[in-house]
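The values are calculated or read from the model by the stated rules, or taken from the named source; none is laboratory data. Everything quoted here is computed from the prediction, not taken from an experiment. Glycine also receives a Cβ, built like all others from the backbone with ideal geometry; neighbour counts cover every protein chain displayed.
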Amino acid sequence: MIKYARRQTNMFEKIIANLPYNPSLIKDLGFYVRRIRQEESIRRLGLVFIILAFFVQFFAVLSPPTPSVAASTNDMINGGFSSKTELVADCQANIKDYRAIITYYGLNCGELGAGQNVSLVSTSYSKRLFSMGWNPQGQVNPISKKPTDEQPVKIPGLSSPLYWRYLWSWDTGSYSTYQAVKVKSSLTGRTFFILYACGNLVSIGIPSPYTPPTPTHTPPPTTITPTPTYTPPPTTITPTPTYTPPPTTTIVPCAYDSSIAASSALCKPCENSLSSTDTLACIQYSKTAADNTQGIADANGKTANAGDKLTYTLAAYNSGKATVSNFVMQDDLSYILDYATIVSDDNGSLNSNNIISWPATNISPSASETHTIVVTVKNPIPQTPPSSSDPAYFDHIMTNVYGNTININLPSSPIAVVASATTSLPNTGPGSSLIMAAVVIVIAGYFFARSRLLALEGGIAIETNNGGSL
């Protein structure tokens, strides 16, 4: 364009310079001016469209787009949040029990709004950052192959547990950087981070729940009661009481070990129990998976194909000495149902968070409770790109944790491989885009003004040399 404009200017200057010596060039100049005016109209139209595109880009900056990938069920706030105002609103609405969760750790919704926006590196604080999420990953992250040190936490009032694990266990590289809100609890003084992409809570080390202080007893005010006048009691003869021996103390033996008392701290149904009533700690969980279509008895670590029928078997074994009453078996199927549909579930009940559960039952000592789930891999296999907030969401691995971890791989198409590999884009943020649009407008405006100027000068030259007519 610049070379064309230079040639155009040179041609115009030559015609104007030779016009006094060669009047016949007036026809060429007239043709040239008409072309310039046509070009001016086209450039005016182009400038209008460029300005309109600039305003579209400007309003796009004011209303940024939201991610097109569906939110992961691991997110504590589905799809995350875009501002602290939105975070506070979601907290106050108690979305996915968010307010109840942060209250358990001594935070409140108002403190989130007063937090500080920061860039959080996953390996900061000597790699002691733990993130909380809804879905279990197991002791080894299936994507990064890094240890998670995953630890469940059961918050009172919530039907399902949440899980703490190393933030850096998600890193496929040396580290990751997250945009977060840094907040400090006014009750505990502990610092937390809230990730913009998913709303998940991040802590330096696994935090302890907040325990309100026990209120101190304030004695009532002391009042002085006047001393009553002494009145001697009437003289009576009291018979001598008969002797009653004290009751004999009976030691109740422990139900699990008769050599110790039931009140002893050693009286427990199993080694993992914290007290004599903690029977749930005696349950040992396990899970197996089989690919019925391919005839693979142990499908863990294997690759399933589209349309394959898989059978998952869950088992809960009571290793203790007491019956576990009202035991509810439940399992999170989120990463399975990304790629499969349920064929049969042994009369289980699936909720909106993809958690399946069965009616409460009693498990006697040395007995087991088992349930089976049969699923069919979707055909075609979904090629949805992985979520930015949860890399395990649509990662072509059907991960499930129930005591042990089951990973069943799925084949991915070239499109999915490219989508997974393209984790970052060139830095073309709103500021860069607006600057580039402004530069284009300036350039387009320059060529439009130049065309007008050449047309004007050409018209003057024609009027001067042709008696005022074109």
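Let's see how each residue does on (1) farther than 22 Å from Ser357 by Cα; (2) touching a Ser or Thr at 6+ places or on another chain (Cβ under 7 Å); (3) not in a helix (DSSP H, G or I):
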| position | (1), (2), (3) |
| --- | --- |
| Cys91 | yes, no, no |
| Asp97 | no, no, no |
| Thr103 | yes, no, no |
| Leu107 | yes, yes, yes |
| Ser126 | yes, no, no |
| Phe130 | yes, yes, yes |
| Arg165 | yes, yes, yes |
| Thr172 | yes, yes, yes |
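Yes/no per residue for (1) surrounded by fewer than 21 Cβ atoms within 10 Å (Cβ to Cβ); (2) modelled with pLDDT of 95 or more:
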residue	(1), (2)
Ser352	yes, no
Thr370	yes, yes
Ile373	no, yes
Thr376	yes, yes
Pro380	yes, no
Pro385	yes, no
Ser388	yes, no
Phe394	no, no
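Has segment 176-197 got at least one residue that is within 17 Å of Gly80 (Cα to Cα) and out of contact with any strand residue (DSSP E or B) (no Cβ under 9 Å at 6 or more places or on another chain)?
No, the conditions are met nowhere in segment 176-197.
Can you confirm whether segment 299-312 contains a residue that is more than 19 Å from Ser159 (Cα to Cα), without any contact (Cβ under 8 Å) to a residue 60 or more places away in the chain and touching a strand residue (DSSP E or B) at 6+ places or on another chain (Cβ under 9 Å)? Can you show your working first?
The initial filter retains those residues of segment 299-312 that are more than 19 Å from Ser159 (Cα to Cα), namely 299-312.
If we keep only those that are without any contact (Cβ under 8 Å) to a residue 60 or more places away in the chain as well, we get none.
No, segment 299-312 has no match at all.
If you go through segment 294-305, how many residues are surrounded by 15 or more Cβ atoms within 10 Å (Cβ to Cβ) and of a type in the set (Gly, Ala, Ser)?
So the answer is 2.
Out of curiosity, is Lys321 at pLDDT 95 or above and either over 27 Å from Ser352 (Cβ atoms) or not β-branched (Val, Ile, Thr) (or both)? Walk me through it before giving the result.
On the way: at pLDDT 95 or above: no; either over 27 Å from Ser352 (Cβ atoms) or not β-branched (Val, Ile, Thr) (or both): yes.
Answer is no for this residue.
If I filter segment 132-152 down to residues being part of a loop (DSSP other than H, G, I, E, B) and out of contact with any Phe, Trp or Tyr (no Cβ under 8 Å at 6 or more places or on another chain), which single residue comes out as surrounded by the fewest Cβ atoms within 10 Å (Cβ to Cβ)?
Taking the candidates together, the pick is Lys145.
Within segment 324-346, track down each residue that is within 23 Å of Gly307 (Cα to Cα) and surrounded by fewer than 12 Cβ atoms within 10 Å (Cβ to Cβ).
Those that are within 23 Å of Gly307 (Cα to Cα) and surrounded by fewer than 12 Cβ atoms within 10 Å (Cβ to Cβ): Thr341, Ser344.
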